[in-house]
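Okay, so here's the structure we're looking at.
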Amino acid sequence: MARTAVATHAGRTARERILNSALAVFAERGYAGSSLHAIAKRAGLSRPGLLHHFPDKMSLLLAVLQQHDESTDSFVDDLTLPELLARVVATTERNLVSREVIRLAHVCALATGEGAEVAARWSRRRMAQMRADYVALGLRARERGEISADVDIDTIVALIIAAFIGLEHQWLLDESFDMVSAMRAFMAMVSADLGIASLS
């Protein structure tokens, strides 16, 4: 029994190392430029050792993307509009420790060649879910009277998503770029435009 528990733990540890290594390699090289050999080497495993957990590169990419989805907060909470805008800033700040995940998301959005459709489909689904969650929250805010009825929620959401993508892109190009302060300033402008309390 103890031996089985040790083996199970070792298997989980190896799988976690593989996923972390795959994330780093995919983010650096893209899917087509990555190899199972490079991922296994970074994880400190042999190629057969990696294949024991993942039968091919595509299944490994899907596992990396799924792991990211499972660790991402849902925006379906019944937040007020000021809470939503504050959440956007907090998410931007949290992403500072997820540089490889953010890079992978950007690489997937523009992927070409081998594996491109899987990566691009994941990126589109991620974007569509974010848009749907934000719009739903905006509609609830309008129903509660937090914003006026003539506010174009779809346009506001499109601008927030564009700010997310654009600020992340600048940060990926230059790590010294302060995307958190920039997002906080943008959210303050959105707050002022909507006529709601400024973010603290």
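The values are calculated or read from the model by the stated rules, or taken from the named source; none is laboratory data. Given the structure is predicted, the values throughout are model-derived calculations rather than measurements. Backbone-built Cβ (ideal geometry, glycine too); neighbour counts: all protein chains shown. The accessibility values were calculated without ligands, DNA or RNA, using every heavy atom of the protein model including side chains. Shrake-Rupley method; radii C 1.70, N 1.55, O 1.52, S 1.80 Å.
For the range 93-174, the calculated P(r) over all alpha carbon pairs, in 10 Å bins from 0 to the bin holding the longest distance, is 16, 38, 29, 14, 2 percent. Rolling a 1.4 angstrom probe over the protein heavy atoms with all chains in place gives the chain an accessible area of 55 Å² per residue.
What do you get for Rg/Rh over the chain if you use C-alpha atoms and the Kirkwood form of Rh? Result for the chain is an Rg/Rh of 1.06.
Rounded to the nearest 10 degrees, the inclination of helix 57-70 to the longest alpha-carbon principal axis of the chain is 40 degrees. Accessible area per residue was computed with a 1.4 Å probe on protein heavy atoms; residue 37 scores about 120 Å². For 41, 57, the ranking by accessible surface with the largest value first comes to 41, 57, using a 1.4 Å probe. Only protein heavy atoms count here; on that basis, with a 1.4 Å probe, residue 152 has an accessible area of about 90 Å².
When you count the other C-beta atoms within 10 angstrom of each residue and take the mean per peptide, 119-125, 25-31, 173-179 line up highest first as 25-31, 119-125, 173-179.
Which of the trypsin sites (Lys or Arg not before Pro) found in the range 126-200 are loop residues per DSSP with 14 or fewer other Cβ atoms within 10 Å of their Cβ?
Listed in order of number, the matching sites are 144.
Would you work out what percent of the accessible area of the chain, with all protein chains in place, is carbon or sulfur (probe 1.4 Å)? Using a 1.4 Å probe with all protein chains present, the chain comes out at 57 percent carbon and sulfur.
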